[in-house]
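Only one structure is covered here, and it is reproduced in the block below.
Please treat every number below as a calculation from the coordinates, not as lab data. Since this is a predicted model, take the numbers as computed values, not measurements. With ideal geometry, Cβ positions are generated from the backbone for all residues, glycine too; neighbour counts draw on all protein chains shown.
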Amino acid sequence: MKIALYNTLGALLFLLGTSACTDTTPGGPIAPGKDPNFKIVANTDAGMNQFNRKVVVFGIDIYAAPKVEDSKLLHAANVMAQYLDNNADGTPDNLLVVEKMVANKAFLFLWKSQGDMGAPPAGRLGQDLGNDETNPNYVQQGKTGRFDASLEEVWHLITHAGYAYAYPSIFGEQQGTTLTNAMDKARGGSFTSIPNPYPTGAWYTYDDTTCTYDCQATEYFYWAMTSILGAQTNRAADIENEWKLNTKAKVAQTDTAIYALLTTPRYQLPQVLPNGKYKQ
């Protein structure tokens, strides 16, 4: 599984696309889409001119390159809303997390294919999501078939730009937090570089050598949370090289530290897996 978190104080690679959507002409008319909760609008944000349109969810921008399908953009917006407002009452479950995301100018951007480099706006935290890796039907079809990467990439943004800042000693991605202490146990030790091999008995064995310690923490948060929510139930064989606890029962039995943390009511983490149908 990949993770690509972009801190726009540094270099940012924008990915552009080459296939059909409602509008493919930058500066052309933008269709609002057919969603009961969200409207697609033209994007005029400074420094983000690689993207022709966007949807805003609780103050968080979700951009799309010209070739991204409207249905994928709206699906990502619904997944974002469901993660943040899991009980669908119209208000984010954890306002502090959303406040931190907005303060960090957090954004998601959808791409179709690798393309142009773009100069980043200063002071924003972003995350990418591919058009072709987004599968709106995954959850509704019994969590079978091609995995829906929006469940991963949207959650990465929420934890990296939100939870890590709202509760730095708990969900911070540096060594010594509650999250990373649990991760170090899951990996069989505290490693700043990828061990080869991981210690016997480790159940979190992510082996991408480009993934730094903080990146490992973000991935760990994702694996544990989505396994508890049921997203990984049918994927044991596909993900065992990275993560072996693909169900809620396995997390509860084996990784007791992360299970206790992610089911603590105080942090108002999601309890229901998004299906891309917010308030529907």
Show me 270-276, 235-241 ranked by packing, highest mean number of other Cβ atoms within 10 Å first. 270-276, 235-241
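Taking the Cβ of each residue in ASP208, ASP85 as the centre, tally the other Cβ atoms inside 10 Å and list the residues starting with the fewest.
Working: ASP208 14, ASP85 20.
Ranking ASP208, ASP85 by Cβ neighbours within 10 Å, fewest first, gives ASP208, ASP85.
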Subset of LYS248/LYS279; LYS54/LYS143; LYS244/LYS279; LYS112/LYS277; LYS105/LYS248; LYS54/LYS100 violating a 30 Å alpha-carbon distance limit: LYS244/LYS279; LYS105/LYS248
Of all alpha-carbon pairs in region 147-237, indicate the percentage at a distance above 16 angstrom. 54 percent
Can you find, among THR159, ALA260, MET101, the residue farthest towards the positive end of the dipole of the chain? Put +1 on the C-beta of Lys and Arg, -1 on that of Asp and Glu. ALA260
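Does region 82-192 classify as rounded, prolate or oblate by the C-alpha gyration tensor (a ≥ b ≥ c root eigenvalues; a/c under 1.5 gives rounded; else a/b over b/c gives prolate, otherwise oblate)?
rounded
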If amide hydrogens are placed 1.01 Å from N in the peptide plane, which non-local residues have theirs closer than 5 Å to the one on ARG53? ASN43, ALA64
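Sorting check: for 183-194, 143-154, which peptide has the highest mean count of neighbouring beta carbons within 10 Å, and how do the rest follow?
Per-residue Cβ counts within 10 Å, averaged per peptide and sorted highest first, yield 143-154, 183-194.
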